[in-house]
1. Can you compute the modelled spin-label distance between B:W7 and C:E352, with each label point 7 Å from Cα toward Cβ, in nm?
2. When ranked by the protection proxy of mean other Cβ atoms within 10 Å per residue, highest first, what sequence do the peptides C:198-210, A:244-256, A:141-153, C:86-98 form?
3. If you stretched the chain out fully between A:D28 and A:Y193, how much longer would it get, using 0.36 nm times the residue separation minus the C-alpha to C-alpha distance?
4. Going by average Cβ density within 10 Å per residue, which order do the peptides C:313-319, C:79-85 take, highest to lowest?
5. 222 nm [θ] for chain C, helices only, -39500 (n - 2.57) per DSSP H run of 4+, per residue, to 500?
6. Taking a threshold of 28 Å on the Cα-Cα distance, which of the pairs C:K306/C:K328; A:K251/A:K343; C:K169/C:K256; B:K110/C:K328; C:K154/C:K271; B:K36/C:K272 fall above it?
7. So who's got an amide H within less than 5 Å of the one on A:C112, skipping anything under 5 residues away but keeping other chains? H placed 1.01 Å off N, in plane.
8. In sequence order, what are the phi-derived ³J(HN,Hα) couplings for the stretch C:278-292 according to the Karplus relation 6.51 cos²θ - 1.76 cosθ + 1.60 with θ = phi - 60°, rounded to whole Hz, with x for glycine and proline?
Amino acid sequence: MVGIVGYGAMIPRHRIKVEEIAKVWGADAPSYKRGLMLEQKSVPTPDIDTITLSVEAAKNAIRRAEIDPKDIGAVYVGSESHPYAVKPSGTTVAEAIGCVPDCHCADFEFACKAGSEAMFVTLALVKSGYMKYALAVGADTSQGAPGDALEYSASAGAAAFIMGTKNVIAEAVHTFSFMTDTPDFWRREHEFYPQHGGRFTGEPAYFRTISGAAVGILKKANMKPGDFKYVVFHQPNGKFPLRVGKMLGFKKEQITPGWLTPRLGNTYSGSSPLGLTSTLDVSKPGDMILMISYGSGAGSDAFVWRVTDRINDVRDKAVHTVKLLDENQFYVDYGTYAKYRHKILKNK
Amino acid sequence: MFPARIWREMPQRYRLEAAKCTKCGTRYYPPRLVCKECGSRKFENYTLPEEAILQTFTVIRTPASQFSDQAPYAIGIAKFDDGLQMMAQIADCEVEKIKIGMKVRLEFRKIQVDGSHGVLSYSYKFVPKWY
Amino acid sequence: MREVAVIGIGIMKWGELWEKSFRNIFSEAALNAIDDAGVDHIDSLYVGCMSGGLFVGQEHVGAIMADYIGQKHIPAAHVESACASGGLSFRQAYMEVASGMSDIVMAGGVEKMTDVSGDGATYALATAADQDYEVFHGVTFPGLYAMMARAYMKKYKTTRAQLSAVPYKAHLNGSKNPYAQYPFPIKLKDVENGVMVADPLHILDCSPITDGAAAVILTTVDIAKKLKKPIIKIIGSGMATDTIALHQRETLTSLKSTELAGERALKMAGKKIDNVDLIEVHDCFSIAEIIVTESLGLFKPGQGAKAAADGLTALDGKIPVNTSGGLKAKGHPVGATGIGQVVEIVKQLRGEAENGRQIKGNPKVGMAQNMGGSGASAVVHILEVA
């Protein structure tokens, strides 16, 4: 049996409301809120980045895994906001959790599915017997260009998963990956903000790719939507995951525990991974969970998870995702947000 | 900030590695070569806990240049249950709500950024313990 | 050990001395001391300076000053103990004369702090703290003392007004000191109304950035008698260090280095703190003076602030503290401060303090307490009219 042995989340404290952003750009807040099904998003303070979020999420995963970090054989951080262009975020994460030096490390990127990619690869390393445990993190402190639609949703968060074959919490029963060259959202080297194709990011990109992965994995697993207790989709806004769920034949109750975007924003590489940690927090032994990530460019990684008895023992060994999301929130105004996110140019 | 200086302190800054004198038990963070109390040169490594109690603090309003965009920020001294103390910034807390005696957690944060092309320095900051 | 006396003192106006260079500031004070002593040659020189390198890019401070004060080929040393560099320079000079190695030695101190930006000065001053475990996290000097102040005020329920009494007194005394950087009085309320630097310390709780120098000349009591100079003997010298990091001290509300340095100096002098007629203390921040007076044994722990507020340390008080105006009003050119303190003590003991600053009643014994950083080093000297 191979699967998740420990999972952990980290979300920053600060938030900004849609109204606050809309006010500055003269946009109609209610229609953004309706259209995106979004209330607010998380905002990282200047001392928080992909590395710091990954470390804290990884520590929570270690708390639930109850393993010696030295037994982790690989650390992969998937993000589109790695602090360095050259020097993997994973090196700092590995050093901080203490699994150096006998450890493999690489950073992953694939827009919002960089985290699920890390999950995909770590499962394979552990399943093949290469190593005892491997850590996969999806983390981002993503940026949206000022005044752009993405500014309302681009937020920060991290989810970490330790994969192994012993003391599994959620078995990885099946995996499937679907990928094409679909340029719906991208960022050129040295650019600060990404670009996107507007409505092109919808049907030909997000919906087509997730559906492709869904059809593929359900066929491989010989399962139907009704066989799952929960489903987690990549959630760039509140609306898309509900719509794709409906399209594919899932019910809203299956999606709800992992549906965080309305209060969290889009944590990019953390998006479906955090949906998964949040779902695991409420899941029971025997529950089947389907997770389908999406990364622009474009691809989807799909996973069928079966929750084991061990979930009851470890669920409370670290903080729950919704607690991090809904409690102890600090709201900021646009000026503070712009300062925190380095959107203000200062003369050198 | 030259990379060697940052790299050398990582066991202490990233993993809170401290040392205990094997002869008289006195603890040190960062570790040292000789025990001040008994003169012994032998130590045993251990890791500091991730929770502490705040002993004092202040709010820096005129910082050194690397921190100029962060002002005002709170910084304080917290004590671990084994008696050792550490200095760190206090994050995620309104300044008026910081109280001597409050429980804090250590959370991994970026401490310094060396301009637009230097190495990043990481360590811990104190955050109020709310879970 | 031979008996040593101070026979010459030299000081100059401290402040933002744009036209004067590092080497000329020191030369001015040194020449004043040489004139006051009535000698033309010194055997050896100690120069206290925290950081010629960081402030003006100049190290080799002993050599450059020996050169510029015209004393060819004499031995010279740069002495550093952060803000206690001056006091330590005095101690080294004392030891060289007392030991018999030299007969006439100058102890000077100098700092030129305005050739760098405010940021540059903050950076240089922070080198007195623990770089890797305090400064790394973003603490500044005011921050360290602010943390002590907060812990002290909580423990002893000290009021803001009591804390303000210290800078108020400093300026009152300093207004009478022609060499002070800020020779004007302030109102008590000005202190708490000033801009906040690091809670709870406001701008007037903090000593300033200053350019300045001071120098004194030491010789044996026998030579002093031959030169027919007023003999101000050095009867006690004490120094102690403590942990560099504030968070590694035994307590946040007292200063062990000062306690021990004071005890050692008093023991050597064969005196008790009650025998001392006046004290110059290191009031780098208002809270520092309060804690130092307690650590020296003048007041019980927790009583120092009230004592200042009640006027016990005023010019005409029971034990005058900082008749010069202290670091707050006189200025704090780091390396020079410790020597400046000795200059004031000597003036008072000689009966020469200017402008009505002179303590009445013929003071006989004076003490100077100089401290480095947040208290990692302290030097105390006791002088007595022979």
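1. Placing both labels 7 Å along Cα→Cβ, they lie 5.9 nm apart.
2. Values: C:198-210: 23.2, A:244-256: 15.8, A:141-153: 21.2, C:86-98: 26.1.
So the peptides C:198-210, A:244-256, A:141-153, C:86-98, ranked by packing, come out C:86-98, C:198-210, A:141-153, A:244-256.
3. On the way: separation 165, 0.36 × 165 = 59.40 nm, distance 2.28 nm.
Full extension of this stretch gives 57.1 nm more.
4. Numbers: C:313-319: 17.1, C:79-85: 27.4.
Ranking, from highest mean packing down: C:79-85, C:313-319.
5. On the way: 14 runs with 147 residues, N = 386.
-11500 deg cm²/dmol, from helical runs alone.
6. Numbers: C:K306/C:K328 19 Å; A:K251/A:K343 40 Å; C:K169/C:K256 25 Å; B:K110/C:K328 36 Å; C:K154/C:K271 34 Å; B:K36/C:K272 30 Å.
Over 28 Å Cα-Cα: A:K251/A:K343; B:K110/C:K328; C:K154/C:K271; B:K36/C:K272.
7. Amide H neighbours of A:C112, under 5 Å, 5+ apart: A:S296.
8. 7, 9, 9, 10, 8, 8, 4, 9, 3, 5, 4, 4, 4, 5, 4
Bear in mind these aren't lab numbers, they're just calculated from the coordinates by the rules spelled out. Nothing here was measured: the structure is a model prediction, and the numbers come from that model. Cβ coordinates were reconstructed from backbone atoms using ideal geometry, including for glycine residues, and neighbour counts include every protein chain displayed.
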